[in-house]
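Report on the structure given below.
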Amino acid sequence: MYIKSIVLDGFKSYGQRTEIHGFDREFNAITGLNGTGKSNILDSICFVLGISNLSQVRAGNLQDLIYRSGQAGVTKATVSITFDNRNSQQSPPGFEDYEEITISRQVAMGGKNKYLLNGSVVQNKRIQDLFCSVQLNVNNPHFLIMQGRITKVLNMKPPEVSFYYA
């Protein structure tokens, strides 16, 4: 299971619907000039995966994730990620017959928050369970290495890395 496409609509610096596709199954890099929204793409992935610590996505509350905090007439932020799921041996249990899995998360002004799994509204726990079934836990404190911390990790010796990720 790997990311096939991401659609951002009203999320942080993406006021208009933006689709990102063409992901490689092995390795991807997001590059660009300062201020072009690179970090917001990573934030959007964490948002859909159900991150609970909003400081990890540089927000104080869910409304901060809406384009210009709703001041520009945008009243909700939606992010959808479509995963290529053709390798049934790596599929979450119960999804072996699905070639794609689409997970969406939406937050509206006032903090209303909902998740969709293949178009059906589900609870956050359902999304967390799906990702945990493929060994992905976005709320693990070491899931995301924030800007400025990568140098520390790169300079660690093997015993330090083992301790850091234990």
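Quick check on the range 56-69. Is at least one of its residues at pLDDT 95 or above, among the hydroxyl-bearing types (Ser, Thr, Tyr) and under 17 Å from the mean Cα position of the chain (by Cα)?
No, that holds for no residue.
Residues that are open to solvent by 20 Å² or more (accessible area, probe 1.4 Å), under 22 Å from LEU42 (Cα atoms) and of a type outside the set (Val, Ile, Thr): find the strands (runs of 3 or more DSSP E) completely inside the range 76-129 holding 3 or more of those.
Here the list reads 100-108, 113-117.
What are the pairs with Cβ atoms under 9 angstrom where one residue, in the range 43-71, is over 21 Å from LYS125 (Cβ atoms) and part of a loop (DSSP other than H, G, I, E, B) and the other, located anywhere, is acidic (Asp, Glu) and open to solvent by less than 30 Å² (accessible area, probe 1.4 Å)? Sequence gap at least six, or different chains.
ARG58/ASP43; ALA59/ASP43
Look through the range 130-144, keep the residues that are surrounded by fewer than 13 Cβ atoms within 10 Å (Cβ to Cβ) and over 18 Å from SER91 (Cα atoms), and return whichever of them is modelled with the highest pLDDT.
ASN140
Among the residues of the range 9-31, is any surrounded by fewer than 15 Cβ atoms within 10 Å (Cβ to Cβ), of a type outside the set (A, V, I, L, M) and not in a loop (DSSP other than H, G, I, E, B)?
Checked the range 9-31: at least one residue is surrounded by fewer than 15 Cβ atoms within 10 Å (Cβ to Cβ), of a type outside the set (A, V, I, L, M) and not in a loop (DSSP other than H, G, I, E, B).
Which one is farthest from the chain's Cα centre (by Cα), of the residues in the range 70-86 that are modelled with pLDDT of 90 or more and of a type in the set (S, T, N, Q)?
Applying the filter and picking the extreme gives THR75.
With the structure loaded, tell me whether SER55 is closer than 28 Å to GLU100 by Cα and among the hydroxyl-bearing types (Ser, Thr, Tyr) or whether it fails that test.
no
The values are calculated or read from the model by the stated rules, or taken from the named source; none is laboratory data. Note that the structure is predicted; figures quoted are calculated from it, not measured. Note that we place each Cβ from the backbone using ideal geometry, even for glycine, and neighbour counts take in every protein chain shown. Quick note on the areas: whole protein, heavy atoms, side chains included, nothing else; ligands and nucleic acids left out. Shrake-Rupley method; radii C 1.70, N 1.55, O 1.52, S 1.80 Å.
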